[in-house]
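Written below as structure tokens is the structure these notes are about.
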Amino acid sequence: METAEMRPDVTGVRGIADRFTANVGKVIVGKHDVVELVLVALLTEGHILIEDVPGIGKTMLARTVARSLGLSFKRIQFTPDLLPSDVTGIHFYNQKTGEFEFRPGPVLANIILADEINRATPRTQSCLLESMQERQITVDLETILLPRPFLIMATQNPIELEGTFPLPEAQLDRFLMKLKMGYPFEDEERAILVRFQEENPLESLEAVITREELLKMEKLCRKVYVDELLRDYIVAITRATRQHSGIELGASPRASLSLHLAAQSLAAIRGRNYVIPDDIKYLSVPVLAHRLVSRTEMRLRGRTVEDTVREVVAGVPVPVEESSSRNKKG
């Protein structure tokens, strides 16, 4: 049985997380919860789908995260005429050398902003599937490994639906979480005007976390203790989505694994080397909601998928006392 002494020391993870959040906060006003979840995705090696209206700061967030980590950043503007080769790269014939050479596409970077991903055709959307799951791409039968860390931050506009191609369930399931930034509060919006009055603070932003530190943090997060009862709690929640009368397509086993890994990362960021039920509850909506398909009658009643996930979580018994006693014994 694992003891408290065997669990990892995540003090450094908490310190680095605070440093990252403070640095991003020099550019992004408010949105602490969103920034925290982006870091969770990085430490879980997951990907993020941000669905929100234009002008909220989605692109600025992606650029700020990349700059704070000192990682390479590429933006791909998805349009109906975008081809898979525009994303992955191509082999071309170099007349000077008389040989075929590979010209890498923008996907070969650490952080990718897939802007308005639902405006590209399904064929182009699908070229991201391999990179999101296997961390590699295949070009002309040649397999090319992607750099680590690797994060895709995709955006889509929930308002303009004309000329868009909704993401299929198979691709949605590959996103660790779906986030909404939302409009800033009144005082935050005033702070934005002041902060950007003379210059863009992003231009002078410096990296505060190295690539090596981030990869080390990822390994530490995987060692965060998850009680057996909490694993049962995660499974109970995902299975409950498959049995809910208002859900046509429930959460997959990949969703269970995603919730488990994300809870480990969140616990470490918050300075704990063990997961608690509140970690799982907090992550349930962003990790599960986009993977579910509601029945038509639920949508007609104005019930969102997020509402249904909260209802499911509320209906699953929380193993608070048992989990706490085990942690004390450990």
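Coordinate-derived values only; no laboratory data. Not measured: the values here are computed from a predicted model. Here the Cβ positions follow ideal geometry from the backbone for every residue, glycine too, while neighbour counts run over all protein chains shown.
Hey, how many Å between the Cα centroid of the stretch 241-268 and the Cα centroid of the stretch 23-41?
Centre-to-centre (Cα) distance: 23 Å.
Contact order normalised by length for the chain, with contacts defined as Cα pairs under 8 Å and 6 or more residues apart; what percent is it? Please list the in-between numbers first.
Numbers: 531 pairs, mean separation 75.9, N = 330.
23 percent.
Counting Lys +1, Arg +1, Asp -1, Glu -1, what net charge surrounds Ile76 among other residues with beta carbon under 12 Å of its beta carbon? Intermediate results must be reported in sequence, preceding the final value.
Details: positive: Lys74, Arg75, Arg119; negative: Asp86, Asp115, Glu116.
Taking every Cβ under 12 Å from that of Ile76, the sum is 0.
Rg to Rh ratio, the chain, alpha-carbon atoms and Kirkwood radius? Please report the intermediate quantities before stating the final value.
Values: Rg = 20.9 Å, Rh = 21.2 Å.
Computed over Cα atoms, the ratio is 0.98.
What do you get for the angle between helix 277-288 and the principal long axis of the chain? Use alpha-carbon atoms, 0 to 90 degrees, nearest ten.
Between helix and principal axis, roughly 40 degrees.
Could you work out how far helix 320-329 tilts from the main Cα principal axis of the chain, as a 0 to 90 degree angle to the nearest 10?
It is inclined by approximately 90 degrees.
State, to one decimal in nm, how far the label point of Ile90 lies from the label point of Val194, with both points 7 Å from Cα in the Cβ direction.
Each label point is offset 7 Å from its Cα along the Cβ direction, giving 5.1 nm.
Pull up the cross-link candidates among the lysines for Lys178, meaning alpha carbon to alpha carbon under 21 Å and not fewer than 8 places away within one chain.
Leaving aside lysines fewer than 8 places away in the same chain, those within reach of Lys178 are Lys31, Lys58, Lys74, Lys281.
Taking springs between alpha-carbon atoms closer than 10 angstrom, which of Gly302, Gly46, Gly70 fluctuates most in the Gaussian network model of the chain?
Between Gly302, Gly46, Gly70, it is Gly302 that shows the largest mean-square fluctuation.
Which of the peptides 268-280, 246-258, 97-109 is most tightly packed, and how do the rest follow, going by the mean number of other Cβ atoms within 10 Å of each residue? The partial results should precede the final answer.
Details: 268-280: 21.1, 246-258: 17.5, 97-109: 14.5.
Packing proxy ranking, top to bottom: 268-280, 246-258, 97-109.
Farthest toward the dipole's positive end in the stretch 237-328, which of Leu261, Ser294, Leu283, given Cβ charges of +1 (Lys, Arg) and -1 (Asp, Glu) about the Cα centre?
Leu261
Magnitude of the Cβ-charge dipole of the chain, K/R +1 and D/E -1, about the Cα centre, nearest 20 debye? Display every interim value, and only then the final one.
Details: 42 positive and 46 negative charges, 122 e Å.
Its charge dipole is roughly 580 debye.
In Å³ and rounded to a whole number, note down the convex hull volume per residue for the Cα atoms of the stretch 209-302.
Details: hull volume 10.6 nm³, N = 94.
Once divided by residue count, the hull of the stretch 209-302 is 113 Å³.
Which of Val35, Val139 has the fewest other C-beta atoms within 10 Å, and how do the rest follow up to the most?
Result, fewest neighbours first: Val139, Val35.
If you average the sequence gap of Cα pairs under 8 Å that are 6 or more apart and divide by the length of the stretch 1-142, what percent do you get for the contact order?
Details: 134 pairs, mean separation 29.3, N = 142.
Normalised by residue count, the contact order of the stretch 1-142 is 21 percent.
Could you list Leu69, Leu220, Leu172 so that the one with the fewest beta carbons within 10 Å of its beta carbon is first and the one with the most is last? Present the calculation step by step, with values, prior to reporting the outcome.
Details: Leu69 25, Leu220 18, Leu172 15.
Least crowded to most crowded, the residues run Leu172, Leu220, Leu69.
Using only Cα atoms, find the angle between the long axis of helix 253-269 and the longest principal axis of the chain, and express it within 0 to 90 degrees, rounded to the nearest 10.
Once rounded, the angle reads 80 degrees.
Looking at the chain, send over the antiparallel percent of its DSSP beta bridges, to the nearest 5. Let's see the in-between values first.
On the way: 12 of 29 bridges.
Looking only at bridges with both residues in the chain, the antiparallel portion is about 40 percent.
What's the FRET efficiency of Glu99 with Ser204 using the Cβ-Cβ distance as r and R₀ = 41 Å, to the nearest 0.05? List each step's numbers first, then the result.
Values: r = 43 Å, r/R0 = 1.04.
Once rounded, the FRET efficiency stands at 0.45.
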